[in-house]
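Q: Got a structure for you, written out below as structure tokens; questions coming shortly.
Just so you know, all these numbers are worked out from the coordinates, no wet-lab data involved. For clarity, every value in this text was computed on a predicted model and none was experimentally measured. Positions of Cβ are backbone-derived with ideal geometry, glycine not excepted, and every protein chain shown enters the neighbour counts.
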Amino acid sequence: MKKGVGIFLIICMLLSITAVAFASENEQKVTEETVNKLLKQLKNESNKVSDVIDKVNKSVVAVIGENKKYRERDFIYSKYPKNLQHGSGVVVSSDGRIITNNHVVDGLEDIYVVTYNGSAYKAELLYADKEIDLALLKINSSDIKPIKFADEKELKVGNEVIAIGTPLFFGYRNSASKGIISGLNRPVDRYYTYLQTDASINPGNSGGPLVNMEGELVGINTRGYMFYQGMNFSIPINNINYFLDQYNRFGRIRRCYTGIEFEENWAAMLGIPTNQGLKVVTLQKDAVVTPQQVKEGDILEAINGQKTTSIAQYNEILKGFLPGDKVELTFIRDNEKFNITVTLSEKSES
């Protein structure tokens, strides 16, 4: 009997040892599979970034020209003569049209574009607009590839993006940096709203593309804050579409104008979310309302039901209309709302 019990215990011990060994072997196998899977994912991710850059590079150009205004310019990082300025651009049509920033080409006597393969072309400036900070150039070249445009409705905070351009000098042409969309609809200035990204944007990157992981254009890189890390801004695709649509239809941007001067409340100035509208400061002589209708201190709450809490947002709303369109303005005076239907005028080009 004792002998049988001993044999049974030995068998149990052997089974336990075998089970532990099998579990250890199985665990090691799972761990190796997991590591290999992660390594494969990392490799695929790395390859995807490279694929996107390869796909977009042929659409990216460098822009350079002589600016007589800046003969005395002294930029410590520049390897150019003081009167030269440069930036980046992106091809948007097969007939040689290129988008860049207005501030990249502003003041240039002659504009030259250098394509991905190092070929240089003299460019024609078709149109430029200071407020939206975009310019449209044209070169005569068939060896270019227009970039595809992203769907503005699909942009989300956290989307991965890549910025491509020519920072600092031409030796760094088509440099790429990766990041995410950090914010949407940022009111960086009084004109329009921007995309915020932590992808690095340096001097010379201005005018270059910000693309998603499909290689589609989501923005034009425009500015960064010198003393802040990861605080960079791009003109979003909806404003690029607006700029091109207006140019194709009218040869320029036909902006709507009310002739009413507004002031933002302190919360909007500080970037704090607010429902408070815009305070009327004054009416121009050519305003679409009379002093009897609208008075200093009135609050513009909405245009056709769309809230107006900042001047940038006000301008964004007006993009949806053309001069001559009728809209309903909602004001508040002494806690009482009232509506006025007006016909929008056209803002003169300065």
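Q: Over the Cα atoms of the stretch 256-346, what radius of gyration and what Dmax do you get, in Å?
A: In order Rg, Dmax, the Cα atoms of the stretch 256-346 give 12.2, 34 Å.
Q: P(r) for the stretch 74-217: what percent of alpha-carbon pairs falls in each 10 Å bin, starting at zero?
A: 11, 40, 38, 12, 0
Q: If we sort 280-290, 52-62 on the protection proxy, mean other Cβ atoms within 10 Å, highest first, what's the order? If you can, show how the numbers build up before the last one.
A: Numbers: 280-290: 14.0, 52-62: 21.1.
Most protected by this proxy first, the peptides run 52-62, 280-290.
Q: Place a label point 7 angstrom from the Cα of K122 along the Cα-to-Cβ direction, then list the residues of the stretch 138-153 whose backbone nitrogen is under 17 Å away.
A: The answer is 138-141.
Q: Another question, then. Evaluate the distance, in nm, between pseudo-label points positioned 7 Å from the Cα of S348 and of F250 along their respective Cα→Cβ axes.
A: Reported label-point gap for S348 and F250 is 1.6 nm.
Q: Express in nm, to one decimal, how much length is gained between E109 and F321 on full extension, taking 0.36 nm for each residue of separation and deducting their alpha carbon distance. If you can, show how the numbers build up before the last one.
A: Working: separation 212, 0.36 × 212 = 76.32 nm, distance 3.45 nm.
The E109-F321 span can extend by a further 72.9 nm.
Q: While we're on this one: Taking amide H atoms as placed 1.01 Å from N in the peptide plane, list the residues 5 or more away in sequence, or in a different chain, whose amide H sits under 5 Å from that of V161.
A: Residues meeting the amide H criterion: G179, I180, I181.
Q: If each of Q276 and E261 carries a label point 7 Å out from its Cα toward its Cβ, how far apart are those two points in nm?
A: 2.0
Q: As an exercise, use a Förster radius of 22 Å and the Cβ-Cβ distance of E160 and Q229 to find the FRET efficiency, rounded to the nearest 0.05.
A: On the way: r = 18 Å, r/R0 = 0.83.
So the FRET efficiency works out to roughly 0.75.
Q: At 0.36 nm per residue, minus the direct Cα-Cα distance, what do N241 and V49 gain on full extension? Give it in nm, one decimal, please.
A: Values: separation 192, 0.36 × 192 = 69.12 nm, distance 2.56 nm.
Net length gain for the segment: 66.6 nm.
Q: Along the Cα→Cβ direction, 7 angstrom out, place labels at T341 and E214. What is the inter-label distance in nm?
A: For T341 paired with E214, the spin-label model returns 4.1 nm.
Q: Test of understanding: what is the full-extension gain from K138 to S93, defined as 0.36 nm times their sequence separation minus their Cα-Cα distance? List each step's numbers first, then the result.
A: Details: separation 45, 0.36 × 45 = 16.20 nm, distance 0.95 nm.
Gain in length upon complete extension: 15.3 nm.
Q: So for H103, H86, fewest C-beta neighbours within 10 Å to most, what's the order? Could the numbers behind the result be given before it?
A: Numbers: H103 18, H86 24.
Least to most surrounded, the residues fall as H103, H86.
Q: If you don't mind, there's one more thing I want to ask. Out of every Cα pair in the stretch 148-250, what percent are spaced more than 24 Å from each other? Kindly include the intermediate steps, with their values, before the conclusion.
A: Values: 942 of 5253 pairs.
Beyond 24 Å sits 18 percent of the P(r) for the stretch 148-250.
Q: Could you compute the FRET efficiency for D286 and N185, with r as their C-beta to C-beta distance and R0 at 25 Å, rounded to 0.05? List each step's numbers first, then the result.
A: Values: r = 30 Å, r/R0 = 1.20.
Once the sixth-power term is evaluated, E becomes 0.25.
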